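In what follows, a single structure is set out as structure tokens and then discussed.
The values are calculated or read from the model by the stated rules, or taken from the named source; none is laboratory data. Because the structure is predicted, anything quoted here is derived from the model rather than measured. Note that each Cβ is placed from the backbone with ideal geometry, even for glycine, and that neighbours are counted across all protein chains shown.
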Amino acid sequence: MEPKILRKEAFKAVGMKYLGKNENNEISQLWDRFVPRMPEIQHLSAAMGEASFGLCYTLENHSEPGEFAYIAALPVDQLADIPEGMVGVEAPAQTYAVAESHGLGEIGQTYDFIIKQWLPTSPYEAGKGPDFELYPMEFSSEDPRSTFYIYYPIVPKP
């Protein structure tokens, strides 16, 4: 299962943010709170279809090892009229290794494959910026075979 290498232009997203280590399934709880509030988001991007994102940011100055920021989000054309309790972010244009994953139970295995197996032997190294999960409109968290995609930022090795 070789990841696809794709260049993605910068994009904007609006959603709800979590900060921590996800030790008690907080990300799943974040999605449970976010999904009913999706209709509040304005300026949805037609160019990106009806996908949703889970953007993951490594923190530069975090106080605890393993802590990260995660944003459950929808793509937008502009960062305006952001609903209360939500944030707007812009992901930079960059190149990604994109791996297909099936069901939320496989997410850890897919990240492990990209980071621990594929990346060390590839001509790439980890890039800066967020990695993210892209959930197509037809994705169902209840279906263990439902397909989504992991986008992991990469740059050529020097």
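Each row is one residue, and each column tells you yes or no for (1) polar (S, T, N, Q); (2) in contact with an Asp or Glu (Cβ under 8 Å, 6 or more places away or on another chain).
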{"site": "25", "(1), (2)": "yes, no"}
{"site": "31", "(1), (2)": "no, no"}
{"site": "35", "(1), (2)": "no, no"}
{"site": "67", "(1), (2)": "no, no"}
{"site": "73", "(1), (2)": "no, no"}
{"site": "89", "(1), (2)": "no, no"}
{"site": "93", "(1), (2)": "no, yes"}
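Hey, residue 41 hits all of (1) more than 17 Å from the chain's Cα centre (by Cα); (2) closer than 26 Å to residue 144 by Cβ; (3) crowded, with 16+ Cβ neighbours inside 10 Å; (4) without any contact (Cβ under 8 Å) to a residue 60 or more places away in the chain but one; which does it fall short on?
For residue 41, the failing item is (2).
For the stretch 53-91, how many residues are under 13 Å from the mean Cα position of the chain (by Cα) and not hydrophobic (A, V, I, L, M, F, W, C)?
Residues flagged as under 13 Å from the mean Cα position of the chain (by Cα) and not hydrophobic (A, V, I, L, M, F, W, C) within the stretch 53-91 amount to 6.
Tell me, please, whether a residue that is modelled with pLDDT of 95 or more, among the β-branched types (Val, Ile, Thr) and either more than 16 Å from residue 135 (Cα to Cα) or surrounded by fewer than 17 Cβ atoms within 10 Å (Cβ to Cβ) (or both) can be found in the stretch 68-83.
The answer is yes; a qualifying residue exists.
Taking the stretch 117-138 as the region of interest, how many residues are without any contact (Cβ under 8 Å) to a residue 40 or more places away in the chain and under 19 Å from residue 104 (Cα atoms)?
Within the stretch 117-138, residues that are without any contact (Cβ under 8 Å) to a residue 40 or more places away in the chain and under 19 Å from residue 104 (Cα atoms) number 1.
Have a look at 76, 98, 87 and point out the one that is β-branched (Val, Ile, Thr) and over 21 Å from residue 136 (Cβ atoms).
87
Please go through the stretch 13-43 and pick out each residue that is in a strand (DSSP E or B) and in contact with a Pro (Cβ under 7 Å, 6 or more places away or on another chain).
Correct list: 13 only.
I'd like to check something: does the stretch 126-142 contain any residue that is exposed (fewer than 11 other Cβ atoms within 10 Å of the Cβ), under 14 Å from the mean Cα position of the chain (by Cα) and within 18 Å of residue 93 (Cβ to Cβ)?
yes
Here is a list: 19, 6. Which entry is at pLDDT below 95 and either on the phi > 0 side of the Ramachandran plot or touching a strand residue (DSSP E or B) at 6+ places or on another chain (Cβ under 9 Å) (or both)?
Matching residue, one of 19, 6: 19.
Please find, among 20, 54, 49, 15, the residue that is touching a residue at least 12 places away in the same chain (Cβ under 8 Å), more than 18 Å from residue 134 (Cα to Cα) and either surrounded by fewer than 16 Cβ atoms within 10 Å (Cβ to Cβ) or of a type in the set (Gly, Ala, Ser) (or both).
20
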